[in-house]
Amino acid sequence: MQFRKMASVCTLALAGVLAGCDDFLSGPGLDTDPNRPTAAELDQLLQAVQVTGFVFQTGDIARMSNMWNQAMSGIGRQQQVRDAYDVTEDDFTFDFSRMYSGGGLIDIRGIQEGGTELGDRTYVGIAKVWEALIFGTAASVWGDIPYSQAVSDVTQPELDDQAAVYAAIQTLLDGAIADLQAAAGEGPGDVDLVYGGDRAKWIQAANTLKARFYMHWVESQVAGSPLAATACAGNCLTKALAAAANGISSPANDFKSFHTNTAGEQNLWYQFMNVARVGDMAAGKALVDLMKARNDPRLLHYFEPVGGEVLGAPPATETAASKLADDGRGAPDFDQPIITYLENQLIIAEAHARTGNDAAALTALNNARTAGGWGAPLAGLTGAALLTEIATEKYVAMFQNIEIWNDHKRNCTPSLTPATGAQLPGRLFYGSDERNANPNIPAPGSITERNDNDPNPCP
Amino acid sequence: MRTYRWLLAALVAVAAAPATVLAQEPATVTGRVTNASGAPENAVLVRINALNVGTTTSADGSYRLVVPASRVRAGQTVQITATRVGLQAQSRNITLNPGASVTQNFQLGTDVLELEGLVATGVGVSETRERLGVSISSVKAEDLTRVQNQNVVNLLAAKAPGIEVTSTSGDPGASASITIRGVKTIGLSGFPNAQQSGQPLFVVDGVAINNSESVMPSSVQYGEETDLAGAITANRASDINPDDIASIEILKGAAASAIYGARAANGVVLITTKSGQAGQTRASLRATFGWDEVNKDVPLQRTFGHGTGGVNNKAGLRSWGAPISGPTYDHWGELFETGNIADLDFSLSGGNERTTYYLSMGRTDHNGTIVGDHDFYDKTTARLKASHEVASGLKVSGNFAYTDVDASFIQKGSNLSGLLLGGLRTPPDFNNHPYLDEDGNHRTFGGVFDNPFFSINENQALSQVGRSFGNVAVDYTPWDWARLNYTLGVDYSNDNRDDVLPLQNLTFPEGYLGKAQFLNKQISHNLTGTFTRDLSDALRTSLTAGYSREIRRFDRFFVEGQGFIAPGVFTLNNTVTRTPNEFHSRIHSESYFGQAQVDVADQLFLTAAVRNDGFSTFAQSEPRHWYPKFSAAWELSETLSLPELVSFAKVRAAWGQAGNEPPVYGTLDGFTACQVDSGWNDFLNCTLGGSGGLARDVLKGQDDLKPERTREVEAGIDLAFLESRASLGVTFYNAQTDDAILLTPLATSTGYQLQLTNIAEIRNRGWEVTLDLRPLDRRNFVWSIGGNWSTNDNEVLSLGDVDFVDMGGFIGTAAVVGHPVGVMRSNDWYRCGQLGEGAPDNVVSACAGAPADAVYVGANGQPVLDPEVRVVGDPSPDWTAGIRSSLRLFNNIELSGLLDIKQGGDVWNGTAGALYNYGTHKDTEIRGTSMTWSQWSGEPTVGPGATTAFVFDEAWFRGNGGGFGSQGKQFVEDGSYVKLREIALDYTVPAGYARRFGMSSIGIRLAGRNLKTWTDYSGIDPETNLTGTSPLRGQDYFNNPQARNFTISVSLTR
């Protein structure tokens, strides 16, 4: 009986030991994930944000913008089809999704919150400029987008009007400039692949960006739409000039992507043209012919000659044509310009030309030409001829940038014949992943439908 | 041979040992056990419970039971009982005297229904079959070893109703999938270690074990955890030696499996291993030798050569050239040979009244059917199970098994380096020999696919598994009405894999190395108490209460190296770039359970049970879940006066719930290292510039994640007729699964893209019938026949907001509302019965009055593609059946067979589709022939070209007439089969003759598995599935073929 009692006690004790630990179902590896960290430092988030931003700015949207504006041409496989405006909502789903999810807005907001907590307004300011760059660009190519309700508790964010997004972006940039001017906090330092944490350069980029987004509404303002006043909170041209005055002051301060010769760090244009999709895309005939006719000094920096000559392909045509210059725009370690001194000067030039201040416009144009490698300055241009010259120069200067499309929508220079149909594409389709899960997103219509800031098709 | 001799020596030595133990004056009981017809019955347990001694009969039915002198009182009367599954138990009183010998013979009646047999019902509880309120299928040891196959899952095929077993392929060591009462979950493709494969829980001796199939996340298989490419992998239950298994119980429905809670919705396979019996030492040795070969071919053409447009051209990849004038090659036959199997199993068991043991060793060497010695699976197992009664009522036991697997597989599937993908696409006029030219360079017909002999001889896919599993238990019976048990279970396995594609392979010409280590560790503690109390003779009760705690740990280390620096050295150090892909998971669970049983007047049996589970993977919002069950069985024959014909009748009904646990870490948000791709394979790593980045994972943690829950009702009747010479069991069940987990897309503007959500609903309902007959039961001639039949109707009732969810695979395998899980979605021709709203008016008008399966044919005679994607196939069978029969002559010859029948169940013959395109399929031999669509397909046609013939040419087969066109429906074939799954002829050497060799029994067996398959399927055996145990079924795309085997075995028992 003694033994029996002992054994029973032992059994109960064992049960007690087993049932004793209350936290058996929680602890490291149980309610945390050994495969994924549950928190990230600001530096790590910024790293993801800028890599995502570089891909957003210099990846597929930039390639589409350059194809559709005939600076490039789709000469094979899917790109040939896409160049003929035969696209679906699946074509844009990666970019549409990435601007919100990991590396996009959710992490940008994470930096802003973390920076605010730490009192590091430098970090907050830089994150706001990134947000403005990505969502201003998004509003320019998609028009109305989910923004005010994005990355919140709302499970199906509504579309904001394009003009409202622009207005919010301008406010955001003002806040960014104020944060950066406060000079509080260490910021990211060398982790910042664009400016190495230099606040002054970030302030300049923010101003050029403000000027860019004001210019996007000039066509709407000219057409008399009240939306322009919403987007610019005033006269778009005046505002653009004011912002550009504090914009990027020299080519050394350009906002560029960062690349090296290492795999996974190379210029996306190089990867696309030389590694991933060889033979699918080439120089566009419109740009090549224009540069040749003008004897543009950048021709061989842009394109690699085929058989001794740079050749451009007509839109969506399978033909032998130049690829990007191996030592120039197509080099694996070429840092793609995203916001530049050239753009800033050409904004000043265009804004002055549109307000009748031809002398100031010509000065700015010549500043841009000097930076672009041209020799002697131009003189004596006025009126419409001056505006056309500015727009033409900008078409060449904005090569590979998404702005080439925004500029062309406004200026219609040079004159381009659509690859198919009567009109050039007006905007991108919303991503299919977003539409599948968000009933606020309309089904894709025609690719030639236009945004509010671009009421008129090019003649 | 050396092993064999060593085992024989061991056998003789150990068999001689017991003689020296007993030297006092014991009492001896001897006798013989025969069945109703007088034939001897072996393996009958003869026991004197009061004295705790027992033994089993040998092949001639004889037994000898020695009662130690210390336990014998002169003139003592005790009850001696003879029992065996399948026979009616019998007890007799005998009187013992020290030094005296008693003879007691038994003649036992047949018990077809096996009412007396104990059935394990889970958590250490057993119940006699007559009292069960749920349907539990049992498979006995002798039915698991009749034919040679090392995967216990394969051995269950056709042996119980309601289960569907599909072997991945005939490769030695290939996995096998078992689906019980239909699919109740929708796979989560690409989710590592998810429990949504639909496979049941495997429990060995009360301890849950790992039956996962771990797929390498390598680039060769698209980085996804599916088996579309790469080499086959094993399901880990195949590590069990089938010879160690005493019995298997299959808990099919939620009502039976509820006691296993959140891991039991897909059913539970309870495996009980063999134990030693007190009494004389038994040693047995079985040696098996056999051969296997491919059982069905893919037909190929040998008329037209390498080229295109009827013109020879050696540069291309296809066989649309001119008629061949020179030699042609058999590109199917050249790849295969007769494989061989050698299997040796040795066991030693015995013990005395306080200690019993079972020791076994097994070794299998299987060299498969692909030419050469690179497809092999060698398995070595050892097990020691022993128990000792430390003091009265206190028993300790241990059960330890070790398995070592050394295997080598051949690349398969959608894989440029796979065996059949390149092999069957080879033009008939291209000689695949030699695969290396004089300079040692890889010789292929088009420079795109590996030469199949390169794939066999140079590519490698190796697996080295070490696994130890078992348990230690303490069993304490302080009073005869109370029993306490504590079991500590451990299961540890390590699988080291190497995938090598050496220099010159054509998937990664610079060379590829995938190295993986899969570590799986499970530790479980189980504490149960069982208390019985007879309130009166007519009212008996028992109560079981238990607590269990489980720790499961999985670690995957995977590194992929690309670009070998030096040839022939397959280490990661010798590669240019390396990409790691680790995954780790920890799951803890803690459960309480209780079960109460009430027997009223020995005819009404009521059971109620409940389990409460807490898992670390459940969301905090609901950290614990309940799983109740009730069942009732009423033995009508005790009360009602039934016709004399009916000797037993029982009705039963049950209701229960069981769960399927959610994937690990599905409740958590996280950050990931990132690689940002523009969509065209140009990308930037988040380590750009040398600083590491972290991005928010696109998967949003689900705050309400819970297990999938199945609620099931079943009811049935069990009848026995003609003094138990016939029995019939019928069961109906209806199971509704709620909260099935889907990976739901989120609006990307929320900052996330995906979230696990308990949203889908699936219903399974069906009928199961078993029928057993023993029409002839004479002394020298016994014929028994039995069968099972079942049908399951599976339907996805809801998927939340969406109409279908893609599950991966080739032909748009999906869950579609209103259809069974895993249907195939693709395009079809415009078919009159299935025109959608978008069908053009001319098609609609042409279809007026036409049969539903009529195809709309355009003016050129060709059928017109309907752009609407719809359900075109269903891999779930309409019904399945197993028929087994045995004939026993003169008590020593037995012929037994098992037919496996599957009716319905589509298989996508992607292999044929691709070979149509390549022009190597036999069907493409008709090229150039002109005929109408109706003549080609046998389908009725409508439309302007219904009677217009067109030329079946290269353009047609490379377009919509082939597998790379959009019309996938034409390659969906009926996968029905009738298969001679098992056949065996046993001969038992007469006992006297055996004794002359010092053996109690010698048996010789000829056996075959899958010897014959009858099917209309045009490709390899329709029992095939490229994706193993995943929920994707019916995928045939250059999968390695199925095999049949023939074996001879000799068994010696002493």
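Side notes on the structure shown:
- Set A:Leu311, A:Leu290, A:Leu268: member being of a type in the set (A, V, I, L, M), in contact (Cβ under 8 Å) with a residue 12 or more places away in the chain, within 14 Å of another protein chain (Cβ to nearest Cβ) and out of contact with any Phe, Trp or Tyr (no Cβ under 7 Å at 6 or more places or on another chain): A:Leu268
- The residues of region B:574-618 that are part of a loop (DSSP other than H, G, I, E, B), of a type in the set (Gly, Ala, Ser) and more than 10 Å from chain A (Cβ to nearest Cβ) amount to a single one, B:Ala601.
- Search result, residues across region B:670-688 that are at the interface with another protein chain (Cβ under 7 Å from one of its Cβ atoms), within 20 Å of A:Gln44 (Cβ to Cβ) and either within 37 Å of the chain's Cα centre (by Cα) or hydrophobic (A, V, I, L, M, F, W, C) (or both): B:Gly670, B:Phe671, B:Thr672, B:Cys674, B:Val676, B:Phe683, B:Leu684, B:Cys686, B:Leu688
- B:Ser691 meets all of the listed conditions (1) at the interface with chain A (Cβ under 7 Å from one of its Cβ atoms); (2) under 17 Å from A:Phe94 (Cβ atoms); (3) without any contact (Cβ under 8 Å) to a residue 12 or more places away in the chain; (4) surrounded by fewer than 24 Cβ atoms within 10 Å (Cβ to Cβ) but one, namely (2).
- The set of residues in region B:151-173 that are over 11 Å from the mean Cα position of the chain (by Cα) and not aliphatic (A, V, I, L, M) comprises B:Lys159, B:Pro161, B:Gly162, B:Ser169, B:Gly170, B:Asp171, B:Pro172, B:Gly173.
- Of everything listed in (1) away from chain B (no Cβ under 12 Å); (2) out of contact with any Gly (no Cβ under 7 Å at 6 or more places or on another chain); (3) not in a helix (DSSP H, G or I), the single unmet condition for A:Glu117 is (3).
- Cβ pairs under 9 Å, 6+ apart, first in region B:62-83 and over 12 Å from B:Thr95 (Cβ atoms), second among the aliphatic types (A, V, I, L, M) and surrounded by fewer than 15 Cβ atoms within 10 Å (Cβ to Cβ): B:Val66/B:Leu22; B:Pro68/B:Leu22; B:Ala69/B:Leu22
- Within region B:747-760, the residues that satisfy the criterion of being in contact with a Ser or Thr (Cβ under 9 Å, 6 or more places away or on another chain), more than 12 Å from B:Gly701 (Cα to Cα) and either more than 7 Å from chain A (Cβ to nearest Cβ) or in contact (Cβ under 8 Å) with a residue 40 or more places away in the chain (or both) are B:Thr750, B:Gly751, B:Ile759, B:Ala760.
Yes or no, residue by residue, for (1) in contact (Cβ under 8 Å) with a residue 12 or more places away in the chain; (2) of a type outside the set (D, E, K, R); (3) touching a Ser or Thr at 6+ places or on another chain (Cβ under 7 Å):
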| residue | (1), (2), (3) |
| --- | --- |
| B:His331 | yes, yes, yes |
| B:Glu353 | yes, no, no |
| B:Val371 | yes, yes, no |
| B:Phe376 | yes, yes, yes |
| B:Ile410 | yes, yes, yes |
| B:Leu419 | yes, yes, yes |
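- Residues that are touching a residue at least 40 places away in the same chain (Cβ under 8 Å) and of a type in the set (Val, Ile, Thr), drawn from region A:402-416: A:Ile402, A:Ile404
- Test: residue in region A:83-90 that is farther than 15 Å from B:Ser749 by Cα, in a helix (DSSP H, G or I), within 13 Å of another protein chain (Cβ to nearest Cβ) and out of contact with any Asp or Glu (no Cβ under 8 Å at 6 or more places or on another chain): yes
- For region B:935-947, the set of residues classified as among the hydroxyl-bearing types (Ser, Thr, Tyr) and at pLDDT below 95 consists of B:Ser937, B:Thr947, listed by residue number.
- Residues that are modelled with pLDDT of 95 or more, within 14 Å of chain A (Cβ to nearest Cβ) and in contact with a helix residue (DSSP H, G or I) (Cβ under 8 Å, 6 or more places away or on another chain) within region B:619-634 comprise just one, B:His625.
- 3 or more residues farther than 22 Å from A:Gly143 by Cβ: qualifying helices (runs of 4 or more DSSP H) within region A:184-253: A:199-215, A:236-245
- Scope region A:430-442; condition more than 7 Å from every other protein chain (Cβ to nearest Cβ), assigned to a loop (DSSP other than H, G, I, E, B) and in contact (Cβ under 8 Å) with a residue 24 or more places away in the chain; matching residues: A:Tyr430, A:Pro439, A:Asn440, A:Ile441
- Residue ranges of strands (runs of 3 or more DSSP E) in region B:861-920 with at least 3 members more than 29 Å from B:Arg778 (Cβ to Cβ): B:865-873, B:893-903, B:906-909
- A:Phe96 vs. criteria closer than 22 Å to B:Asp697 by Cα and either among the acidic types (Asp, Glu) or within 10 Å of another protein chain (Cβ to nearest Cβ) (or both): yes
- Search result, residues across region A:261-280 that are in a loop (DSSP other than H, G, I, E, B) and over 20 Å from the mean Cα position of the chain (by Cα): A:Asn261, A:Thr262, A:Ala263, A:Arg277, A:Val278, A:Gly279, A:Asp280
- Failed item in (1) touching a Ser or Thr at 6+ places or on another chain (Cβ under 9 Å); (2) surrounded by fewer than 19 Cβ atoms within 10 Å (Cβ to Cβ); (3) aliphatic (A, V, I, L, M), with B:Ile926 passing the rest: (1)
- Restricting region B:707-748 to residues that are in contact with a helix residue (DSSP H, G or I) (Cβ under 6 Å, 6 or more places away or on another chain) and outside any strand (DSSP E or B), the residue that is surrounded by the fewest Cβ atoms within 10 Å (Cβ to Cβ): B:Leu746
- Here B:Val600 meets each of (1) farther than 29 Å from A:Ile111 by Cβ; (2) modelled with pLDDT of 95 or more with one exception, condition (2).
- Any hit, region A:135-151, residues being closer than 16 Å to A:Val49 by Cβ, within 16 Å of the chain's Cα centre (by Cα) and touching a residue at least 60 places away in the same chain (Cβ under 8 Å): yes
Quick grid of which residues meet (1) away from every other protein chain (no Cβ under 14 Å); (2) touching a Gly at 6+ places or on another chain (Cβ under 6 Å); (3) part of a helix (DSSP H, G or I); (4) surrounded by fewer than 21 Cβ atoms within 10 Å (Cβ to Cβ):
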site	(1), (2), (3), (4)
A:Gly103	no, no, no, no
A:Ile111	no, no, yes, no
A:Gly125	yes, no, yes, no
A:Ala132	yes, no, yes, no
A:Ala138	no, no, yes, no
A:Ala150	no, no, no, no
A:Gln156	no, no, no, yes
A:Ala168	yes, no, yes, yes
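- Residues in region B:174-196 that are of a type in the set (Gly, Ala, Ser) and within 12 Å of the chain's Cα centre (by Cα) were compared, and the one that is surrounded by the fewest Cβ atoms within 10 Å (Cβ to Cβ) is B:Ser177.
The values are calculated or read from the model by the stated rules, or taken from the named source; none is laboratory data. Being a predicted model, the structure only gives us computed values, none of them experimental. Cβ sites come from the backbone with ideal geometry, for glycine too, and all protein chains shown count toward neighbours.
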